[in-house]
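Structure first, then comments.
A short reminder: the numbers here are calculations on the coordinates, not readings from a lab. Note that the coordinates shown come from a computational prediction; the quantities given were computed from them, not determined experimentally. For neighbour counting, all protein chains shown are included, and Cβ atoms are generated from backbone atoms with ideal geometry for every residue, glycine included.
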Amino acid sequence: MNQVAIELKKVSKRFGEVVANNEVDLKVYKNEILSLLGENGSGKTTLMNMISGIYFPDSGEIEIDGKPVVIKSPRDAHNYKIGMIHQHFKLVDVFSAADNILLGEKMSEYSISQKAKETLSTLPEDKIIKSVEKDGKTSKTVDFKVLGEIALTYLKVAALPFIKLGKLIKFDILAKNRAKDLQEVADKYGFEIDLKKKIYDLSVSEKQTVEIIKVLYRGAEILILDEPTAVLTPQEIEKLFAVLRRMRDDGKAIIIITHKLNEVMAISDKVAVLRKGEHIATVDTANTNEKELTEMMVGKKVELNIDRTEPVNMVDRLVVKDLSIINHDRVKVLDNVNFVARSGEILGIAGIAGSGQRELLESIAGLVKFNSGDIIYNDPAKNDEPVDLKSKTPVQIRELGVRLSFVPEDRLGMGLVANMDIVDNMMLRSYKKGHGVFLDRKSPSKLADEIVHDLEVVTPNTHTAVRKLSGGNVQKVLVGREIASAPTVLMAAYPVRGLDINSSYTIYNLLNDQKEKGVAVIFVGEDLDVLIDLCDRILVLCAGKVTGIVDARSITKEEIGLLMTKTEVSEKEGE
Amino acid sequence: MFASILTSAIRFSTIFTLGSTGETLTEKSGNLNLGIPGIMCAGAIGGIIGENVYIQSLSSISQMTAFGAIVTPLIFSMIFSGFLGAFYCLLTVTLKCNQNVTGLAITTFGAGLLSLLGNRIDKTGFAQASLYFTDGMDFASKLGGFGQVVFSHGFMVYFAIIVAIIVAVIIKRTRTGLSLQAVGENPATADAAGLSVTNYKYAATVIGSMIAGFGGVFYIFDYLGGSIEYTIEAYGWLAIAIVIFSVWKPNLGIFSSLIFGFLYILPYYTQVNFAQMELIKMVPYAVTILVLIVTSIMNRKESQPPAALGLTYFREER
């Protein structure tokens, strides 16, 4: 049996009225990867934040290696060799990767009193004054050798504070070749990364690598990864898993938070399931299956299949021709993009984060000026008469029925105002509809109630600031509002990012409903399994270029993965 | 003619060097301390009170020593400006108040304190005490024009330059500096790395305030020779502009301060009419705006302000 690395006993945490964790018991063993599974708002991240010292538990005990500990701050967590890799990386953008790894490193202990004791124990035992017999007479003389030794010993003790100061200063000064030394460590572990690069020049998976090296460099024995695969390509995920397995075999305890059941099955030895802040069960991965886990997670049976209907009455709704965008940094973010979005079908867009998905959707919504190309919208209200969107303002485009529900990385950046309540956020789309100068508050209020009810948004009431809701609930509010406006084109970017299975399926069903209503749905997603199951066609973007528009019914995940990294592959082949 | 302008520009720039170095140190920790003009005023009044206390303690002015006349006002100034810096931190870091509002309040308070107490304090012996501040190095006159420009100043001019260089080296080359920058760039990251965000903010702000406070002492005892003027607040605002101008680098701050100092005193050495003089006085501010435009067009990550500048950090925020 493996040793217990960390054990939680009846740990609870509440935020105001919301109970995030209620008497959770959890055991993590060394040489083991534990998956922490649960829906949104089930308290996974809160629980892990308590281990890593971000939050302090309201009640309960934490034991490490069998001894009860108090983790008050991230610094304490360090001392107990706990390292957490957060969902949003904790890296300083303007520092090099090496500096980020070094940040917060402590000098090795140098105790003056202990050193003094050691030095004093070497004091000579001979007496300073010794008797010398000479010519039969005994005379007393001072033994200068012993005196010198004693004096030297005390001098050494007196010098200790200065030695410590000197060591402190020496440690404080950053070595010029610090990146090189760290690089050797990284190479030894088999990480492919240039540590001299600045963080803002790194890709998402490279940033994650930096985080992992950082945690390893600090000597962490307990590793926590919060949704590490959310932003990685299938190939990158495989690499990460290989690293995690190597660390597990190295004797480390690893906790990984993820929503993706196939990953849970692939990587973990045990699975702990949380539901609504409570620990439901911990099971061996080998003795369970995806269905059983899902049931434990949501507490009721869920149909895991997405019903994909055959598209009907397809009309070319949106035609994008030769679209190119050059951004402020003079980088071509979109390069000759051509595609057609048809009514009654879902067009998926796949690609590594930052491949131009955002710019593509924003240019259709009129938020970004494009340098060349055309976007033609065939207006169903006027018998599919083509309209050029280039000359329209965002408001005009909205009125045509083109709706963008963009879920940016921080969820609240675009679309919702964090400090406003749900009703006010609904009004962001309808504030022009009031009577004269006065606002119409009734219909948004009704809409808010509907969304809270239909999409099962967990909130005390509709007058709660959006900022206080959990991530998944925020997204439900955002997508719900956009769908409520009965669009003809619905663009949803990462609408299920960070959502649990139950809420994700609510969103997929919403999108499917829209498709059946004859809406042209454009879905930017990151989970390839979902893209393949949900969409009718998938457009793959890679570094601003369309590397393929494929039929979702007949493509595999690996093929899409290759298309997503096409240019990189061809470049490597060219070398 | 040019040499004499340069000499006084170097001398005058000291107040900017001290002010901007202090403010840079503070801003590197993510505290946008708009209280720096007030803190410089507080440093000045601290110096005045300190000198007054020292002179009162002597039985006659002739007993004055260089050590006492210099050290007492400097210590008092450190207490005054350090206290205001700590107060700023108490409000913005511990109590999480808005940084801008707090800073402006402290500026108003500091400037008010200077005009309230400045004239009421007995300044007998100040002129003599200030001689200790203004004394240049003996060999300056032997080196001709060059010596005059570079070595004829009081010790605080060199002190300011050395402090700016030390601060620059600490920020760029030490772990302490790296941690400080991490606190200013991304406090959550620094926190997760086990650094105490609160301690770094307090230390940087208090030390930065003390450095800036020395600017006030310099102005009163060196530049004005022991008399008093209420323009320190204006120099404080310029010091904040210099922080931006020198893209948060204290070593560049020395030269930026020199340029600002030069432009500031230039009108007094030129035979121009009132309108032209006012126009020349505007140049430093116009240059600051220009630098802001240029740095934002260049969009280099390194020449941007600390990313978390002006934001309060609360660990459990969700």
Cα-Cα over 22 Å: which of A:LYS72/A:LYS197; A:LYS9/A:LYS90; A:LYS44/A:LYS239; B:LYS201/B:LYS249; A:LYS197/B:LYS172?
-> A:LYS72/A:LYS197; A:LYS9/A:LYS90; A:LYS44/A:LYS239
How far is the Cα center of the range B:263-300 from the Cα center of the range A:508-564, in Å?
-> 57 Å
Please give the per residue volume of the convex hull enclosing the alpha carbon atoms of the range A:411-485, rounded to a whole number of Å³.
-> 82 Å³
The range B:2-311, convex hull of Cα, quarter of hull surface, nm² -> 17.3 nm²
Could you work out how far helix B:2-28 tilts from the main Cα principal axis of chain B, as a 0 to 90 degree angle to the nearest 10?
-> 30 degrees
Please give the calculated 222 nm ellipticity per residue for chain B, where each DSSP H segment of at least 4 residues contributes -39500 (n - 2.57) and the sum is spread over every residue; nearest 500 deg cm²/dmol?
-> -24000 deg cm²/dmol
Helix B:175-185 versus the longest principal axis of chain B: what is the Cα-based angle in degrees, 0 to 90, to the nearest 10?
-> 70 degrees
Output ³J(HN,Hα) for the range A:314-326: one whole-Hz value per residue in order, computed from phi by the Karplus curve 6.51 cos²θ - 1.76 cosθ + 1.60 with θ = phi - 60°, and x for Gly and Pro.
-> 6, 10, 5, 8, 9, 10, 9, 10, 6, 6, 10, 10, 10
Expected vector for the range B:79-87, Karplus 3J(HN,Hα) from phi with 6.51, -1.76, 1.60 and θ = phi - 60°, integer Hz, x for Gly and Pro, equals 5, 5, 6, x, 5, 5, x, 5, 5
Sequence-distant residues sharing a close amide H with A:ILE255 (under 5 Å, placed H) = A:LEU34, A:LEU223, A:ILE224, A:LEU225
Nearby lysines by direct alpha-carbon distance to A:LYS140 (threshold 24 angstrom, same-chain neighbours under 8 apart not counted) = A:LYS127, A:LYS130
Kindly point out which whole DSSP H helices in chain A project their C-alpha atoms 24 angstrom or further along the helix axis while averaging a Kyte-Doolittle hydropathy of -1.0 or above.
-> A:144-172
Would you give the gap between the C-alpha center of the range B:228-246 and the C-alpha center of the range B:90-163, rounded to a whole Å?
-> 12 Å
Cut-off of 10 Å, at most 15 other beta carbons, DSSP loop: longest stretch of chain B lacking such GluC sites (Glu not before Pro) = B:1-228
In a Gaussian network model of chain B with springs linking alpha carbons closer than 10 Å, the residue among B:LYS172, B:LYS201, B:LYS142 that fluctuates most is B:LYS142
Sticking to Cα atoms, compute the Rg of chain A to one decimal and its Dmax as the biggest Cα-Cα distance, whole number, in Å.
-> 30.9, 134
Once amide H atoms are placed 1.01 Å from N in the peptide plane, what residues at a sequence separation of 5 or more from A:VAL524, or on another chain, have their amide H within under 5 Å of its amide H?
-> A:ILE349, A:ALA492, A:ALA493, A:TYR494
Cα-based helix-to-principal-axis angle, B:36-57 vs chain B, degrees rounded to 10 | 40 degrees
Go through the range B:127-136 residue by residue and turn each phi into a ³J(HN,Hα) via Karplus (6.51, -1.76, 1.60, θ = phi - 60°); whole Hz please, and just put x for glycine and proline.
-> 4, 5, 4, 5, 4, 5, 6, 8, 3, x
How high is the relative contact order of the range A:411-485, given as a whole-number percent (alpha carbon pairs under 8 Å, six or more residues apart)?
-> 40 percent
Roughly what % of DSSP beta bridges within the protein assembly as shown run antiparallel, to the nearest 5?
-> 60 percent
Using DSSP to define loop residues, name the chymotrypsin sites (Phe, Trp or Tyr not before Pro) in the range B:165-235 whose beta-carbon has at most 14 other beta-carbon atoms within 10 Å.
-> B:TYR230
Reciprocal of mean inverse Cα separation for the range B:116-235 (Kirkwood radius, Å) | 17.3 Å
Taking H as built 1.01 Å from N, whose amide H comes closer than 5 Å to the amide H of A:GLY548, not counting residues under 5 places away?
-> A:VAL540
